[in-house]
Amino acid sequence: MHDDTSTLGSALRTIPRDQHAISRRQISQSALRVLYRLHEAGHAAYLVGGAVRDILVGLAPKDFDVATDATPEQVKALFRNCRLIGRRFRLAHVVFGREIIEVATFRANVDDGSGDREVHDDGRLLRDNVYGTIEDDAIRRDFTANALYYAIADFSVRDYVGGFEDVENRVLRLIGDPETRYREDPVRMLRAVRLAAKLDFSIAPDTAAPIPQLAGLLAEAAPARLFEECLKLFLSGHAVASFEGLERHGLLGALFPETAKALASNRSGALRTMVVAGLRSTDARIAAGDPVSPAFLFATLLWPAYCRTLMKLQSEGVQPIDAQRRAADRVTLHQLSTVALPRRFSLPMQEIWLLQARFPQRQRKRVTRMLSHPRFRAAFDFLVLRSAASDAHAADVAFWQEAQRDPDHAIALFPGEDDADGEAQAPRRKRRRRRAPAAAG
């Protein structure tokens, strides 16, 4: 079934209620209300996609999507709390407080001449509002695991593409020709990595094979969309597995080109060790229910690029302070051409980087100013992260841990050296200013 896409959808497999693990207790009351009202109005009504897949593998779904033969306008007529959205994909959103149930009409995978399906010359799908049957809808979905339909009419699961078997075998497989599907939407390559990481699935060989050669197509995706995909990749509790998946399938360089170059040139592997440690910490915080800052996440992911750029500028004779600022700006600017990192995250990210150079400074006034800096805690956490990859930062970590408890005791316990352009030179500058009038007279 998987090898010949022309036969997809021709063999319906119906899995009755006693042969699958989905219970209505696992489905939100809002989704059930939508399903039942559509069914009672004479429409086909199915829970579809990630919710079905997640319940089958033992996960709790975050979202519940519904598929139906009702048009968006017919759905809106049934629900006063409904709004229609989208141009590329026309959808109905039924709103229950903070929960939104997304209702999609079955779509066909062909152009009926109405002008509601538009494909770019390079294969990207620009608009897709040609409606069809449930069989048509199943074939046009991305992965077989996402093309399972839970029928509210009899509580069975309908499978047209072999997805139930793939879920049982924990395999992620594209529906149709992989290269064609990736060209339709290059972000599907990232989705493959993300879902495999989240579900602990393997990616089927035929689904994985074209990814390294087509990775460059991500340059055609909107940077704002890639930013959202990055948040899904790294802030869903599976950041380490997602990062390793990007590396394994040749996508890291397409998403973070400067970081990929820096990691490739770092023979010791310390930079990669630090990035993985940071992502592991992110996963732990999410598992514990603690907040995670995208600024800190991107500071971690782009730190190798910052270090490489900083070394290059210093080798060209740029002074350290200027080199730090220029490196931060340059890395941020280059990354923005791929991933649209908002300023509310890029500016704190840069501050975290720039504060690293101030940690070796232990003069009393500098310590006081550093402790009062609004970004101190994030910068210190980043220093601790750096120490996971290098013992060179152990003394600084120990000093600033103590300084947060008792600055005076820390300064006495860990004496530092005056830096060349810091407080040690201030008295000499004052003396020169006092002698100047006498010399003039």
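Only residues that are surrounded by 14 or more Cβ atoms within 10 Å (Cβ to Cβ) and among the basic types (Lys, Arg) were counted across segment 63-102, and they come to 2. Residues in segment 215-227: is at least one buried (at least 20 other Cβ atoms within 10 Å of the Cβ) and among the basic types (Lys, Arg)? No, segment 215-227 contains no residue that is buried (at least 20 other Cβ atoms within 10 Å of the Cβ) and among the basic types (Lys, Arg). When we screen ALA394, ALA389, ALA412 for residues that are more than 30 Å from ALA221 (Cβ to Cβ) and not in a helix (DSSP H, G or I), the only hit is ALA389.
Of the candidates ALA192, ALA260, the single residue that is of a type outside the set (Lys, Arg), part of a helix (DSSP H, G or I) and free of Cβ contacts under 8 Å to residues at least 24 places away in the same chain is ALA260.
Condition check for ILE100 on (1) at pLDDT 95 or above; (2) in a helix (DSSP H, G or I): one failure, at (2). Within segment 128-167, being touching a helix residue (DSSP H, G or I) at 6+ places or on another chain (Cβ under 6 Å), aliphatic (A, V, I, L, M) and assigned to a strand (DSSP E or B) holds for one residue alone: LEU148. Screening ARG369 against (1) buried (at least 18 other Cβ atoms within 10 Å of the Cβ); (2) in a helix (DSSP H, G or I); (3) of a type outside the set (A, V, I, L, M, F, W, C) leaves a single unmet condition, (1). Pairs are defined by a Cβ separation below 9 Å, a sequence spacing of at least 6 or placement on different chains, a first member in segment 317-344 that is closer than 17 Å to PHE296 by Cα, and a second member that is among the β-branched types (Val, Ile, Thr); the pairs so defined are ALA328/THR309; VAL331/THR259; VAL331/THR309; GLN335/THR259; LEU341/THR332.
The values are calculated or read from the model by the stated rules, or taken from the named source; none is laboratory data. These figures come from a predicted structure and were not determined experimentally. When we count neighbours, we look across all protein chains shown, and the Cβ atoms used for this are built from the backbone with ideal geometry, even at glycine.
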